[in-house]
Amino acid sequence: MNYGEIKTTDIANGIGVRVSLFVSGCTHRCKGCFNEQTWDFSFGQPYTEATEEYILSSLAPDYIEGLTLLGGEPFEPDNQRALLPLLRKLRERMPHKTVWCYSGYLFDRELCSESRARCEVTDEMLSMIDVLVDGRFVEAQKSLMLKFRGSANQRIIDVKKSLAAGSVILYMD
């Protein structure tokens, strides 16, 4: 996996001050995407063990609320496989930190059901995410007034509650 950027003090992509990892690779290719360069799976730099340790050390300060995964598309199968070890280490070392993830895939119709996004690690990856902003960016529904999302069709989902209920439960901050 490659990544385009790591922001160590991001306040735009989730609650509180966060570390955000922008992964490379996305097959959605949404018209009007704010991060088109990350569609290319080879964009940016290789994600290595040193990258992973840098992210984990950046998450250590008490003022950091958690990690946000976005891109690109974190739920492209190859990206899931690369991100799962990071999530495992984060949950082991800092279980109190929250994990937000942005995905063009729909939680209930594509991530929890058969789709091209599903692979052998999808369920475990979902179990380690607290909040998922799902749905492709739709330029016709774009609004700068929306909190933590780019277009009105996107949902902010409480993943833990949704997995327990077997249906989508929206996140309430």
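Observations, loosely collected:
- Among the conditions (1) modelled with pLDDT of 95 or more; (2) assigned to a loop (DSSP other than H, G, I, E, B), the only one that E114 does not satisfy is (1).
- Checking every residue in the stretch 142-150 against the condition of being buried (at least 20 other Cβ atoms within 10 Å of the Cβ), modelled with pLDDT under 95 and either among the small types (G, A, S) or in a strand (DSSP E or B) (or both) gives at least one match.
- Scan the stretch 3-54 for residues that are assigned to a helix (DSSP H, G or I) and crowded, with 20+ Cβ neighbours inside 10 Å and the total you get is 1.
- Of all residues in the stretch 127-141, those satisfying the criterion of being surrounded by fewer than 21 Cβ atoms within 10 Å (Cβ to Cβ) and among the aliphatic types (A, V, I, L, M) are M128, V138, A140.
- Scanning the stretch 154-167 for residues that are of a type outside the set (V, I, T) and either in a strand (DSSP E or B) or under 20 Å from I15 (Cα atoms) (or both) returns Q154, R155, D158, K160, K161, S162.
- Of the residues contained in the stretch 77-96, one or more are found to be under 22 Å from E124 (Cα atoms) and among the acidic types (D, E).
- Within the stretch 21-39, residues that are free of Cβ contacts under 8 Å to residues at least 40 places away in the same chain and more than 22 Å from E52 (Cα to Cα) reach partners that are among the charged types (D, E, K, R) and assigned to a loop (DSSP other than H, G, I, E, B) with beta carbons closer than 9 Å, at six or more positions or on different chains, in the pairs E36/R29.
- Any hit, the stretch 164-171, residues being touching a helix residue (DSSP H, G or I) at 6+ places or on another chain (Cβ under 8 Å) and buried (at least 19 other Cβ atoms within 10 Å of the Cβ): no
- I11 satisfies every condition listed in (1) over 18 Å from V133 (Cβ atoms); (2) without any contact (Cβ under 8 Å) to a residue 12 or more places away in the chain except (1).
- Condition check for F75: within 16 Å of F22 (Cβ to Cβ), of a type outside the set (G, A, S) and in contact with a His (Cβ under 9 Å, 6 or more places away or on another chain): no
- Count of the stretch 55-64 residues which are in a loop (DSSP other than H, G, I, E, B) and either in contact (Cβ under 8 Å) with a residue 40 or more places away in the chain or closer than 22 Å to L132 by Cβ (or both): 1
- Applying a threshold of 6 Å to beta carbon distances and a minimum spacing of six or more residues, or different chains, the list of pairs starting in the stretch 65-85 at a residue that is in a helix (DSSP H, G or I) and ending at one that is among the aromatic types (F, W, Y) reads A82/Y47.
- Candidates F22, F43, filtered to the one that is at pLDDT 95 or above, among the aromatic types (F, W, Y) and touching a Leu at 6+ places or on another chain (Cβ under 9 Å): F22
- Looking across the stretch 117-141, just one residue is more than 27 Å from M94 (Cβ to Cβ), touching a residue at least 40 places away in the same chain (Cβ under 8 Å) and outside any loop (DSSP other than H, G, I, E, B), and that is E139.
The values are calculated or read from the model by the stated rules, or taken from the named source; none is laboratory data. As the structure is a computational prediction, the values presented were derived from the model and not from experiment. Quick reminder, even Gly has a Cβ in these numbers, built from the backbone with ideal geometry, and neighbours come from all protein chains shown.
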